[in-house]
Each structure stands twice: as C-alpha cells, then as structure tokens.
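Written below as structure tokens is the structure these notes are about.
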Amino acid sequence: MAYTVGTYLAERFAQIGLKHHFAVAGDYNLVLLDQLLENKNCEQVYCSNELNCGFSAEGYARANGAAACVVTFSVGALSALNAIGGAYAENLPVILVSGAPNSNDHASGHILHHTIGTTDYGYQLRIAKELTCAAVSIISAEDAPEKIDHAIRTALREKKPAYIEIACNVSAQPCRAPGPISALLNEPASDAATLKAAVEAVSKFIEGKEKPVILIGSKLRAAGAEEAAIRLADALGCCVATMGAAKSFFPEDHANYIGTFWGSASSPKVVDIFNWADSVLALGCIFNDYSTEGWTAWPRGANVVIADKEITKVGEQSFDSIHLRDVLDGVAKHFAGKAKKDATMVEYKRIGGGVTETVPENAKKDDKLTREHIQRSLQSIVTPETTIFGETGDSWFNVSRTKLPRGARVEYEMQWGHIGWSVPSMFGYAVAAPERRNILMVGDGSFQLTAQEVGQMVRRNLPVIIFLINNAGYTIEVEIHDGPYNNIKNWNYAGIIDTFNAEDGKGKGLRATTIGELDDAVKTALAHKGGPVLIECVIPRDDCTSELISWGRHVATANGRPPAK
Ligand code: TPU
Ligand code: MG
C-alpha cells in the first residue's frame, strides 16, 4: 500500500487508538482532510470553530487517553492554540495539526492570505513551541515520518499536547510506510536504582510519622497512578482526600476516602483532619492560587512528600526518572503486612466524620427553583456509568458536593479555567464515550462562549444532559469582585435548541423555574432517546453555594495583595 504524508498521519492516529479526529476545514488543510478521510478507522468529526475543535479534542483525550484536531493556518490554529494551552495545563495529549503555506512560498517573499501580512511564516510554529511539548513543521515528505512520530511519541509520554504543521502541497505527497506502533508507545522504565532509593526514602518518612494523610491531585491520572494510589491507601489505612480538581480520581466509596480538601470549600471534617495530621503524601497535586484558596490552604514544608508523575521529593532529597505508580507500589509493598498507619482514620471517625446528614427537603412543586434543588436533582441521576463535566463558576462547587458511586467520573478544567471549555469538551468526551450517562453543569455566562457545540451534539445525536444554570450573570466573579461587567445579556437558552435542531435535529430544550418543572424536565431528559437535552434552570443571581462565597473571599484577598515594597 502506498502511503502519503496524510495517510501516514491517519495510520498513526488509528494505531494509537484514535477512532475519531476533530476538524474545521480551510484551504490550507483541505487536501490533508481528504487524506485523513481515506482511513476508515479514524472518523472525521466536525466542529463549529477552532477553539471548540481544540476543546473537543481535549475532552476526547479525557475519555480516550489521547486525541487529535486538524485546523487551517493562523485564523484557525491561533484559536485552537488557546485550547492547546488548556491541554498543556490539564496534562492531556492532544495533537494539533495545522495546514500550512505551500512549501514553495516559505522564504519566497510572497504575501499569503490568512497570515499577518508579512513574509515570515514561522510565527505559528514559534507560538506553538511555547504551548506544546513538541512542535514540528513538515515541508517535505522525506522527513515527515520521523517528525510525525517524534511529536506523537513525546505527547503520549509527557501527557502534553504536540503540534504538527504540514505544508498544503505536501500532505498528498508519497511517503514511507509507518513501522510498528510500539516505537511510539514504549515508555522508558523507572530507573531501578533511583526507584529503590525513592521507595526507601518515602517508606522511612512514613515510618517516622504517626498521622499521615494522602492527598490526591489532578495529575494522578496523567501519571497512570490511580490504581496504585488505591493500593497505597489500602496498605497504609490512613485518610485519603482529593483536591478540588481531582474529584473522582480516587473512589469515593473507598473506606478511607474522606472527601475534598480545598480550604473552606472542603468537605466536612477534612480540614480538621489535615490540621491534626503530622504529614501529607501529596500525589500528583497542583498547588495554585485557586486550589490553595489564595495560598491559605497549602500543605508544604518538611512534613509533605511531593510525589509527581516522574519525580518524588522527600525532605532534602529529590528522585527523578521514576514513575509515580512504581513509587506508590513500592511503598505499598513495604507496608504490606505491617501495622496500619491509620491514626487519621481513627480520629476522623472519632470526630464524627463520614456521617452523612441527609436533610429532608420540604419544598413543594410550585416553589421557586433553588440551587439546592438543582444539586439534589443532579445527585439523583448519578450512576456508576455517569460522567459529570463541571464548568468554572458555582458549577464547580455544586459538582464537588455530589457523591459519586464507584465508576462515576467528574471532569474539571481548574488549572486552565477557560469559561466555555465544558460545552465542546463534553461534546468530544461524548463522541468517545456515548454509552455513558454524560451530564454537563454549566453557568449562563460560560455557555455564551461556546454554545455552538451543542449544535454538534445535535448533529451526532449525542445524549448529553445539560443543566444550564441561568443566574443572570457571572456569580463567581460577583463573589470575587463585583461590578457592571458581571451582568450579561439574557438568552432564551432552552429555545436555542430549536435553532440547532432546524429541520432534522432531535435535541430538546426545557425551562425550569419551579421545583416541579425541574423534576419533570429531568424525567423527560432521562427518557429522551438520542440528542442532547438542555434544561435551563432559572435561579436568583445570589443563590449560590456557601463554598463559592468563602472561596471567593479568599481569592479576592490574594488578588488584592499590594505590591511588595
Ligand atoms: O455560576 P456562575 O454564574 O459563576 O457561572 P457563569 O455564569 O458561567 O459565569 C462565569 C464567570 C467567569 C468569568 C467571566 N468565571 N471566570 N471568568 C473569567 C474568565 C474570562 N474569560 C475566560 C475565557 N475564562 C475565564 N475564566
Ligand atoms: Mg451565571
């Protein structure tokens, strides 16, 4: 079989397990898109714009482990690069492919359309280099295989995005055939001597402590260490909490799980236990201003072990080139059969942790809808097959409060925090995993950025349930710092689905202003076959979680620190 640069790329996509790639057409990538269409194992999925295309791929990578998106030069790619920055922040291997100027036009002095009107076409590659772990430009078929392989291999190893641009006249050029895919998937093993030293150091650290706790961070999945973290928790028997962004990265029904650690937004009793503990094992954690609640809830210092994807830091020592899962398994093995380090768990129970108070709701059908009732409704439909996407805003905290059975997943984008991320990312996730009960919780302000991708859910008949919280503005910003810029134009959100449906769509838009209307809407959504159901939930602007209010105050204080003298 004769390969071209484009069919080579498609073959590599299929080999790494991509059943789909996302695309927006433009004349710099049309021939490339033709080449990609030749491969029947990797379907082309279209998006409404390139920002959404990047986020769709980002969401696909959350479900599938990796993803790709294909856009046109500059006008497309510069929009997609925002989502690629997000994939970098969120540790997701997304391959951004951009069509590029004809190879004869590079360094020719010609001025081309879709460019900034100068004659240097290297700017996009230079920008991409800052936002990816590998960025290559292909202007001849001769070296296309090694450049494509380098970009994909690096992305998969580092769990970061990569960038490939292909001159528009090169994508259909004959190209050598791809070799075995193992060359791209093989990961170097942990350095044996370093691993042994790290396991000894961490084990000795824990032996010297009475009251350790485990804190799970959002890099745990990228490190491939979710299962190993469970084995460590089983071996130690201590309390385990997840950071805000890492919800569902540790099973919530595990006997040692105590909830979210997030300053004043923590689950009940979690801060008490962290204050009482004498040490923290921080696994794949990201400590930023938001996750530490304005630097006030930040475990650090000599009593904290920082264990990341490939580096573990204990006291004065640092160990590199070792996989986190190997470190955790080594430490778990060390403690197997020994007395449990479960003092924090005993204390947690002693102070009444883990006792869930179910406060009965005494609302009536005709009562005005409340945030609380929306959260209860969400909780009532979470199954082990459910994935919830929680957008920036009070959706973070509503989703955070939701209890998850084993198997249920939550997706957040807290490091990048781009409002509007969740709509296209949920679309991409649902393309990869349509069999799951996919639920999106998104605020009105966020929705206005990327609403178009609901149209793509309609186009592909994807059964996504969308809770659209219409609270008349940017409530999260109101809690941090208010002003007229936090007001938004109201939309008929439920009505928008008719626009997306046009003559052939099967989406449904519903509006709930009372408790009874929401209950009916949720029933309708569960019974709906094919296509998304958007439930516009109308609540007052100030009806938000207490977590948002207290967290917002801390963040405002951190933002407002005067410049150091
Ligand atoms: O629950 P609620 O009302 O806070 O959510 P909603 O309505 O989605 O409002 C979100 C408000 C918000 C803004 C404007 N959250 N963060 N921002 C700042 C921001 C601006 N632009 C982007 C791309 N991302 C942001 N996070
Ligand atoms: Mg809002």
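Only helices (runs of 4 or more DSSP H) wholly contained in the range 1-100 count here; list those with 2 or more residues that are under 20 Å from Arg459 (Cβ atoms) and in contact (Cβ under 8 Å) with a residue 40 or more places away in the chain.
Qualifying helices (runs of 4 or more DSSP H): 50-64.
Go through the residues of the range 485-501 one by one and say whether even a single one is in contact with a Pro (Cβ under 9 Å, 6 or more places away or on another chain) and within 16 Å of ligand 1 (Cβ to nearest atom).
No: zero hits.
For residues that are among the hydroxyl-bearing types (Ser, Thr, Tyr) and within 26 Å of Gln15 (Cβ to Cβ), scanning just the range 59-113, find the one that is surrounded by the most Cβ atoms within 10 Å (Cβ to Cβ).
Tyr60
Inside the range 523-544, can you point out the residues that are at pLDDT below 95 and not basic (Lys, Arg)?
Gly530, Asp542 - these are the residues of the range 523-544 that are at pLDDT below 95 and not basic (Lys, Arg).
Keeping to the range 465-491, report how many residues are part of a helix (DSSP H, G or I) and within 12 Å of ligand 2 (Cβ to nearest atom).
6
So how many residues does the range 383-433 have that are within 16 Å of Leu92 (Cβ to Cβ), buried (at least 20 other Cβ atoms within 10 Å of the Cβ) and among the polar types (S, T, N, Q)?
3
At negative phi, surrounded by 19 or more Cβ atoms within 10 Å (Cβ to Cβ) and out of contact with any strand residue (DSSP E or B) (no Cβ under 7 Å at 6 or more places or on another chain): does that describe Ser182?
Considered against the rule, which asks whether it is at negative phi, surrounded by 19 or more Cβ atoms within 10 Å (Cβ to Cβ) and out of contact with any strand residue (DSSP E or B) (no Cβ under 7 Å at 6 or more places or on another chain), Ser182 comes out as no.
Find the residue count for the range 484-530, including only residues that are in contact (Cβ under 8 Å) with a residue 40 or more places away in the chain, small (Gly, Ala, Ser) and surrounded by 18 or more Cβ atoms within 10 Å (Cβ to Cβ).
5
With (1) over 22 Å from Thr242 (Cβ atoms); (2) β-branched (Val, Ile, Thr); (3) within 12 Å of ligand 1 (Cβ to nearest atom) as the list, and Val399 as the residue in question, which single condition is left unmet?
(1)
Of all residues in the range 238-256, which are buried (at least 19 other Cβ atoms within 10 Å of the Cβ) and over 27 Å from Gly86 (Cβ atoms)?
Of everything in the range 238-256, those that are buried (at least 19 other Cβ atoms within 10 Å of the Cβ) and over 27 Å from Gly86 (Cβ atoms) turn out to be Cys238, Cys239, Val240, Asn256.
Filter the range 426-464 down to residues that are within 16 Å of ligand 1 (Cβ to nearest atom), part of a helix (DSSP H, G or I) and out of contact with any Leu (no Cβ under 9 Å at 6 or more places or on another chain) and give me whichever is farthest from Leu51 (Cα to Cα).
Gly445
Just to check your reading of the model, which residue among Gly428, Gly443, Gly455 is within 20 Å of Val410 (Cβ to Cβ) and more than 15 Å from ligand 2 (Cβ to nearest atom)?
Gly428
The values are calculated or read from the model by the stated rules, or taken from the named source; none is laboratory data. All values derive from a computational prediction rather than experimental measurement. Counting neighbours? That spans all protein chains shown, and the Cβs are built from the backbone with ideal geometry, glycine included.
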